[in-house]
Each structure stands twice: as C-alpha cells, then as structure tokens.
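To keep things clear, I will list the structure first and then write my remarks on it.
The values are calculated or read from the model by the stated rules, or taken from the named source; none is laboratory data. All of these numbers come straight from a predicted model, not from anything done at the bench. Glycine gets a Cβ as well: all are built from the backbone with ideal geometry, and neighbour counts include every protein chain shown. When the accessible area is computed, the model is the full protein with side chains, heavy atoms only, and any ligands, DNA or RNA have been set aside. Shrake-Rupley method; radii C 1.70, N 1.55, O 1.52, S 1.80 Å.
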Amino acid sequence: MGDVSDSAADEFDQDVDDEVVLLSTSATRESLTGLHPNPLHIFKLWQAFLENVNPLTKIIHAPTVQQQILEAMSDLPKISRELEALMFSIYCIALVSLQAADVEKSFGESKKSLLSKCRRGAQLAFKNASLLRTSSSMVLQAFMLYLVCHPFFHY
C-alpha cells in the first residue's frame, strides 16, 4: 500500500471499526446519556431537522416524534432503545444539514466534533437496539436517516 497515506489508512481502519460497532449486538445496554446534547441543543437540532430534513424525507411522523422527544428530554436515561436510536440519527442528519459556522455559533463547538459525537452515539444506539435483529419500525426509520447522512460524515 505504498500510495496510500497513513491518514487515509487510519481513516479506513476507523470506518471499519465504526461499521463493526454499528452491526454488532450486545445483551447489555450501554448508557449513552453522556453522548446526548443538552436539552436546549436537542431542541435546536429537532428544529433544524423539521426545517431542513423532514420536508425532503418524510420518513417519520413529526408530531408523534416531537412529543416523544420532548418527553425524553426530561429523562434521557429512561428512554427506549428504539427512540434513542432515532434521536441520534436525527441529531446526525440535522447537523449535516447545517452550515459549519451556524453549528459553531449555536452549539459552541465545531460541526466536525459534534457530528463525530452524535455519529458515535448513533452507532452505539443501533447496537443497543439490536439493529440486525429488530423489526421495530422506529429503529428502521432511524437507520434510514443515518444512511442518508452517512456519505457526509467525513466532510
């Protein structure tokens, strides 16, 4: 692999590791509470999703999901695995839809950094929700949103 730079090889290795996590399953649930944005930021990401993404995708029923997110924000450790996967996918695709300068201004950190955290949260949430064994429409909706924004994770 003489023509491949070390950083490209490292990025490939990271992608492989990420996909292994995404497709693995575990009997124990890993707590993702620390990876969620704070409630104000969750609400901002939800609004960005409603304005920038939902009109184009129509994968979810927005009024139902909004109520679930509002309830979840008050007690993140107790949300269902399915809803957590959907929330992290919404965070990811909402961040992808925003300009880097707007993310920095609204969230106080770089788009790349925040997207990396949310991407990791989504991958672990899919693991917790047993993506490969689920018949949950919510998890499948979450995975569709995740797949739509996946090509943008490295930009």
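Things to note:
- With all protein chains kept in place, the per residue accessible area of the range 18-155 amounts to 50 square angstrom at a probe of 1.4 angstrom.
- A simple packing score, the average count of other Cβ atoms within 10 Å per residue, orders the peptides 118-124, 94-100, 58-64 as 118-124, 94-100, 58-64, with the highest score first.
- Relative to the Cα centre, the charge distribution of the range 77-155, modelled as +1 at Lys and Arg Cβ and -1 at Asp and Glu Cβ, gives a dipole magnitude of about 240 debye.
- Altogether, the Stokes-Einstein calculation at 4 °C and 1.567 mPa s, with the Kirkwood radius of the range 48-109 over Cα pairs as Rh, returns a diffusion coefficient of 103 µm²/s.
- Solvent-accessible surface (1.4 angstrom probe) belonging to K127, in square angstrom, nearest 10: 40 Å²
- Most to least packed among 45-54, 143-152 [average Cβ atoms within 10 Å]: 45-54, 143-152
- Taking label points 7 Å from Cα along the Cα-to-Cβ direction, S110 and N52 give a separation of 1.8 nm.
- What the phi angles of the range 44-57 give under the Karplus curve with 6.51, -1.76 and 1.60, with θ = phi - 60°, is a coupling list of 5, 5, 4, 5, 4, 4, 4, 7, 9, 10, 4, x, 8, 9 Hz, glycine and proline written as x.
- Carbon and sulfur %, accessible surface of the range 81-148 computed with the full protein complex present, 1.4 Å: 52 percent
- Pairwise FRET efficiency - L132 versus S80, Cβ, R0 = 22 Å, nearest 0.05: 0.75
- Selection from Y91, L140, S130, by position along the positive dipole direction of the range 71-155 (Cβ): S130
- Once you reduce the range 89-124 and the range 130-147 to the center of their Cα atoms, the two points are 20 Å from each other.
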